[in-house]
Amino acid sequence: MQSTPAATQNKEAEIEPVISRAAVITAPQHVEIEENTLPVPQAGQVRLRLEGCGLCASNIPVWEGREWFSYPIEAGNPGHEGWGVIDAVGEGVTDLAIGDRVAALSYHAYAEYDIADADKVVKLPKELANQPFPGEPLGCAMNIFRRSNVEAGQTVAILGIGFLGALLVQLAKHAGARVIAVSQREYSLDIAKQCGADEVVKMDDHYQIIEKVKTLTDSKFCERVIECTGKEWPLNLAGELTAERGRLIIAGFHQDGMRQVNIQLWNWRGLDVINAHERDAQEYIKGIRDAVEAVTQGVLKPSLLYTHSYPLNDLKQAFDDLTSRPDGFMKALITF
């Protein structure tokens, strides 16, 4: 699509509504919908008319409340899994145009509109038209998998089959690995099977899990273990399941405090421990681009994981379900 001058595009965008609705977490477990004037993109930015935003488990602490948060939270925050259509561009933006459908790395996406830096959006091809595309978590899965260095013939254990864990099952199977999925909920284990897991193990008794995986691997354990829970016990369990000279990948977001881990075991087995989180925005964007290609080619199949959808007005219910995870819950989307 040939870009039109930014000034012309912004002039065209003036026919859009001048009011935008956004969610505001006013206090722990309280949310209000407020109306504000439409945000205006500055130089190097674009404005998105959002189609939706994924609900991320990393939002749970700010929803439940922690002493280090100040309320009210900024409007639209902490929504960061948005996708939609560009409806205005700022000065100097030449490679994006009104009407481009994109996934964005922005941080106020629990709203009808959001602003993103032009270098932090990824165009979505026509093959993905009408499909939800929460780019940030899809890109996160691609980046974690790249750093896991999974090879054909390896045994890979994935602990915690939520949205991220299920995506990693798909990627590991596509790479030719044997996959053991370990999770608490029966529904999650069923999802893991649908995503291609060869074996599923209930995450209940620490020592029984170790013995089960030991049996499944002829006492060798797993060349790759990916921990996706963000909790201390599964992190230590992950170390127990990793083979000598294997790779333990920390994909879970450990944001709620210190962890005690069995360094003696990790050291004795000579484990490579990979913290697979990224802070460089361009690494996120690279992952999103990789995810676009993977979904387009059918390598990544996230559609069966989008189990719940809520309008913005029902954000409280969405957070309540995210926290309690009723049967059948995997990934929630806020749609507009």
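The values are calculated or read from the model by the stated rules, or taken from the named source; none is laboratory data. Remember, predicted model here, so these are calculated numbers, not experimental data. Reconstructed Cβ throughout: ideal geometry from the backbone, glycine too, with neighbour counts over all protein chains shown. Just the protein is used for accessible areas: all its heavy atoms, side chains included, with ligands, DNA and RNA removed. Shrake-Rupley method; radii C 1.70, N 1.55, O 1.52, S 1.80 Å.
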Of all chymotrypsin sites (Phe, Trp or Tyr not before Pro) in the stretch 30-128, which ones are in loop regions per DSSP and have a Cβ with at most 11 other Cβ atoms within 10 Å? Trp68
Within straight-line cross-link reach of Lys331, aspartates and glutamates at Cα separation under 14 Å, skipping those fewer than 8 residues along the same chain: Glu81, Glu136, Asp320, Asp321
Accessible area per residue in Å² at 1.4 Å probe, computed on the chain: 45 Å²
Can you find, among Leu168, Gly139, Val179, the residue farthest towards the positive end of the dipole of the stretch 62-199? Put +1 on the C-beta of Lys and Arg, -1 on that of Asp and Glu. Val179
Roughly how far apart, in whole Å, are the Cα centres of the stretch 245-280 and the stretch 157-175? 18 Å
Considering only DSSP beta bridges with both partners in the stretch 60-193, what is the antiparallel share in %, to the nearest 5? 55 percent
In whole Å, what are the extents of the stretch 179-336 along the principal axes defined by its C-alpha atoms, from largest to smallest? 52, 36, 36
Solvent-accessible area of Lys301 with every protein chain in place, 1.4 Å probe, in Å² to the nearest 10: 120 Å²
Decide, for the stretch 46-171, between rounded, prolate and oblate: order the square roots of the alpha carbon gyration tensor eigenvalues as a ≥ b ≥ c, take rounded if a/c falls under 1.5, and otherwise choose prolate if a/b is larger than b/c, else oblate. oblate
Non-local amide H neighbours of Ala88 (under 5 Å, H modeled in plane, Pro and chain starts lacking H): which ones? Arg47
Remind me, relative contact order of the stretch 278-336 in percent, using alpha carbon pairs under 8 angstrom and six or more residues apart? 34 percent
Which cross-chain or sequence-distant (5 or more) residues have an amide H under 5 Å from the amide H of His80, H modelled 1.01 Å from N in plane? Ala109
Counting sequence-distant residues (5 or more places) and residues on other chains, those with an amide H built under 5 Å from that of Thr242 are Cys222
To the nearest 10 Å², what's Ser183's accessible area with a 1.4 Å probe? 10 Å²
Computed over the stretch 141-200: relative contact order in percent, which uses C-alpha pairs under 8 Å that are six or more apart: 34 percent
Considering only the other residues whose Cβ falls under 12 Å of the Cβ of Ile285, what net charge follows from Lys and Arg at +1 and Asp and Glu at -1? -3
Each label point is 7 Å from the Cα along the Cα-to-Cβ direction; what then is the distance between the points at Lys316 and Tyr71, in nm? 1.1 nm
Per residue convex hull volume, Cα atoms of the stretch 123-193, in Å³: 106 Å³
All-pairs Cα distance distribution in the chain, expressed in whole percent, bin size 20 Å: 31, 54, 15, 0
May I ask you to rank Lys286, Lys231, Lys120 by accessible area, largest first, using a 1.4 Å probe over the protein chains only? Lys231, Lys286, Lys120
If contacts are Cα pairs under 8 angstrom and at least 6 residues apart, what is the relative contact order of the stretch 188-336 in percent? 14 percent
